[in-house]
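Here's the structure, in structure tokens; my notes come after.
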Amino acid sequence: MSFARSGGCAAKGRGRTTNGRQESDDRYAEEIAAALCRSVEGSSSAAKVVASWTGANEKTVKNWLSGTYGPSGAHLVALARHSDEVLATFLALAGRRHLMAALDLAAME
């Protein structure tokens with residue numbers, strides 16, 4: 001018998017609907033999940049790391065990491081504060097990728 005990994009990154013696709021909002025919500029959750037997984041790559045306890053960044057429950061974080069749901073509000077802000085990957089993904093989803101380039105330039109100075 002095999003057990004599911006706990007706290008790991010295993011983004012899964014969900015069924016698509018014709019509802020544009022549902023597709024947008026799914027894409028958001030999947031993109032943020034991928035960014036979080038890149039941020040905690042190599043960590044054996046990804047959910048614990050991300051939970052420590054946000055103060056969110058580990059079960060909630062596991063849902064984010066799997067792409068089932070995406071973070072909102074204060075949790076998204078906390079994730080962007082701790083993860084350049086999440087910040088870049090958020091800016092790309094918002095159509096503001098050019099702001100990330102500006103942040104990269106400012107960091108070089």
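Kindly provide the set of residues from segment 1-59 that are modelled with pLDDT of 75 or more and aromatic (Phe, Trp, Tyr), ordered by number.
The answer is Tyr28, Trp53.
Applying the selection to segment 43-69, what residues are in a loop (DSSP other than H, G, I, E, B) and either under 25 Å from Gln22 (Cβ atoms) or not small (Gly, Ala, Ser) (or both)?
Ala56, Asn57, Gly67, Thr68, Tyr69
The values are calculated or read from the model by the stated rules, or taken from the named source; none is laboratory data. The structure displayed is predicted, hence computed values, not measured ones. A quick note on method: Cβ atoms are made from the backbone with ideal geometry, for glycine too, and the neighbour counts reach across all protein chains shown.
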